1. Starting from the coordinates of the alpha-carbon atoms of region 1-43, obtain the Kirkwood hydrodynamic radius over all distinct pairs and give the value in Å to one decimal.
2. Run the numbers for residue 31 and residue 152: contour at 0.36 nm per residue of separation, minus the present Cα-Cα distance, in nm.
3. Can you tell me the length gained on complete extension of the stretch residue 5 to residue 39, counting 0.36 nm per residue apart and subtracting the Cα distance?
4. Restricting things to alpha carbons, find the Rg to Rh ratio for region 3-109 using the Kirkwood radius for Rh.
5. Three principal axis extents, largest first, for the C-alpha atoms of region 130-236, in Å?
6. Tally the DSSP beta bridges in region 130-236 and give the antiparallel ones as a percent, rounded to 5.
7. At 0.36 nm per residue, minus the direct Cα-Cα distance, what do residue 103 and residue 233 gain on full extension? Give it in nm, one decimal, please.
8. Using the per-residue mean of other Cβ atoms lying within 10 Å as a proxy for protection, in what order, highest first, do the peptides 178-187, 41-50 fall?
């Protein structure tokens, strides 16, 4: 029997897959609970390191030992007739499927939490703008990162906020094309407001480094240039 076939028979591949998926789920849970329990910054890194180190012993254990009706035995002590590796393999398949379902659920929850920040900010902006004329323009957020490629990320944040504000019926929101025409222009906000025909302007900046992002937004009243609202959002991102 080839080494590949033997690895498959002893469920080494299944154990490896189950271990990796379970580790990923655990890391996502740690990422969610870290701010709640105020875990130190090094805690997730330590857990990841321990999980990475544990993969090799898990594979060795799967190779050298076998689960039997009498308990765990060395593979060499189990006769071919008494082996239940196929049954164990099917059980591992269910374990893997269970972890995958949990992984998908975590991804959906994480996505909802992240995208939920933009509507929340949009609600705050709409509330702050409700002091008179309800018209607003969202200027392209400035990319403060050293990586020029993050310009797409900054523009994406701007569009998300613009779209969220546009869903507020009480607000008149200047179109994307009109607002983005002022990208990169350090012009007087009163002139921009007059050009776009709005009473309020939302501007801000995005600073992204690795998996961390800081978004700063300010709502300006056009006629006097005063701030009506300002907020800074610090978030962890795993994928952009």
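1. Values: mean 1/r = 0.0796 Å⁻¹.
Taking the inverse mean of 1/r over all distinct Cα pairs, region 1-43 comes out at 12.6 Å.
2. Details: separation 121, 0.36 × 121 = 43.56 nm, distance 2.57 nm.
Gain on stretching residue 31 to residue 152: 41.0 nm.
3. Values: separation 34, 0.36 × 34 = 12.24 nm, distance 4.37 nm.
Between residue 5 and residue 39, full extension yields 7.9 nm more.
4. Details: Rg = 16.6 Å, Rh = 15.5 Å.
My calculation of the ratio gives 1.07.
5. Each principal axis gives a Cα extent; for region 130-236 these are 40, 25, 24 Å.
6. On the way: 19 of 26 bridges.
Just about 75 percent of them are antiparallel.
7. Details: separation 130, 0.36 × 130 = 46.80 nm, distance 2.62 nm.
This chain segment gains 44.2 nm when fully extended.
8. Details: 178-187: 13.9, 41-50: 11.8.
Ranked from most to least packed, the peptides come out as 178-187, 41-50.
Values in this text are rule-based calculations from the coordinates and carry no lab data. On a predicted model such as this, the values are computed, not experimentally measured, just so you know. Please note: Cβ atoms are built from the backbone with ideal geometry, for glycine as well, and neighbour counts cover all protein chains shown.
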